[in-house]
Amino acid sequence: MTSTAQVAQLSRFYVSGTPGTSISITAISKAVAAVVTAANTLAVGDVVIFGTVTNMPEILGLIGIVSAATGSSFTAGNIDSSGFASAGTSGAAVPQTFSKVGNVQDFTPDGGTATVIDVTNMDSAAKEKRQGLQDNGNYSLTFDADDTDVGQLRLLAARAAQSVAVFKQVYPGGLKIRAWQGFVQKVTEPVAGVDKVLRCSATIVVTGPIARG
């Protein structure tokens, strides 16, 4: 079988900044990939966070990754709205703006875990367990220090503000995108040594689900 492995080079890691101007929505379809009707300036790969949408409460707070776009609509390809109660009507979505974190050497998700709930009772023949809520874990990020890099400065600002930001990973060719909310738990000062560059690391804690586009 021919390998489908992808080379990681040219992967990118982004952190959000000030959100863009809210988009007024007039409809959202019930579909495997939700189609949003709106006066649209978004492009493929852009990220939005949905606000309140009439008749579609399930979409509130979800991250949408744009997989197709026209002047009058965009498709949030990662959101399966087919099981939602009904089609959406009026509402809003907030586009996210991003800066690339420069000089990244690697970013590593730890995969998280899920709580194990013990449901054993006196009639159990052996331990019985159920899976609880998933915890999407942490990301570790390594980058060469640059005190003028906007993305690195935004990591520091997010940590200082104790704020939740949106993060985006883009893999080579833009074929795979991940977007999620999180907060910056740690950013180290540059580590120095003989025959080494000044290198920093950061820990980013994921909060909520990871959108996969």
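Filter the range 141-153 down to residues that are β-branched (Val, Ile, Thr) and in contact (Cβ under 8 Å) with a residue 40 or more places away in the chain and give me whichever is least open to solvent (accessible area, probe 1.4 Å).
Ranking the qualifying residues of the range 141-153, first place goes to Thr142.
Quick one: in the range 1-49, which of the residues that are in a strand (DSSP E or B) and of a type outside the set (A, V, I, L, M) is surrounded by the fewest Cβ atoms within 10 Å (Cβ to Cβ)?
So the residue we want is Ser24.
Under 8 Å by Cβ, and 6 or more places apart or on different chains, what pairs join a residue from the range 123-140 that is open to solvent by 100 Å² or more (accessible area, probe 1.4 Å) with one that is not in a strand (DSSP E or B)?
Partner pairs satisfying both residue conditions: Lys127/Thr120; Lys129/Val119; Lys129/Thr120; Arg130/Val119; Gln134/Gly112.
In the range 134-146, is there at least one residue being at pLDDT below 95 and assigned to a strand (DSSP E or B)?
yes
May I ask you to say which residue of Ala69, Ala34, Ala39, Ala27 is of a type in the set (Gly, Ala, Ser) and at pLDDT below 95?
Answer to the check: Ala39.
Mind listing whichever residues of the range 189-213 are assigned to a loop (DSSP other than H, G, I, E, B) and open to solvent by less than 40 Å² (accessible area, probe 1.4 Å)?
Gly193
Being in contact with a strand residue (DSSP E or B) (Cβ under 8 Å, 6 or more places away or on another chain), closer than 29 Å to Leu153 by Cβ and aliphatic (A, V, I, L, M) narrows it down to one of Ala87, Ala93, Ala8, Ala27, so name that one.
Sole residue among the options that is in contact with a strand residue (DSSP E or B) (Cβ under 8 Å, 6 or more places away or on another chain), closer than 29 Å to Leu153 by Cβ and aliphatic (A, V, I, L, M): Ala93.
Could you list, ordered by first residue, the pairs with Cβ atoms under 8 Å in which the first is in the range 184-213 and at positive phi and the second is in a strand (DSSP E or B), at least 6 apart or interchain?
Gly208/Trp180; Gly208/Gln181
Mind checking which residues of the range 82-125 are part of a loop (DSSP other than H, G, I, E, B) and among the aromatic types (Phe, Trp, Tyr)?
Phe84
Does the range 154-173 hold any residues that are open to solvent by 40 Å² or more (accessible area, probe 1.4 Å) and assigned to a helix (DSSP H, G or I), and which are they?
Arg154, Leu156, Ala157, Arg159, Ala160, Ala161, Gly173, listed by residue number.
Please give the number of the condition Gly64 fails out of (1) surrounded by fewer than 13 Cβ atoms within 10 Å (Cβ to Cβ); (2) touching a residue at least 40 places away in the same chain (Cβ under 8 Å); (3) under 30 Å from Gln131 (Cα atoms).
(1)
The values are calculated or read from the model by the stated rules, or taken from the named source; none is laboratory data. All of these numbers come straight from a predicted model, not from anything done at the bench. Glycine gets a Cβ as well: all are built from the backbone with ideal geometry, and neighbour counts include every protein chain shown. For the accessible areas, the whole protein counts, side chains as well, though only heavy atoms, and no ligand, DNA or RNA atoms are used. Shrake-Rupley method; radii C 1.70, N 1.55, O 1.52, S 1.80 Å.
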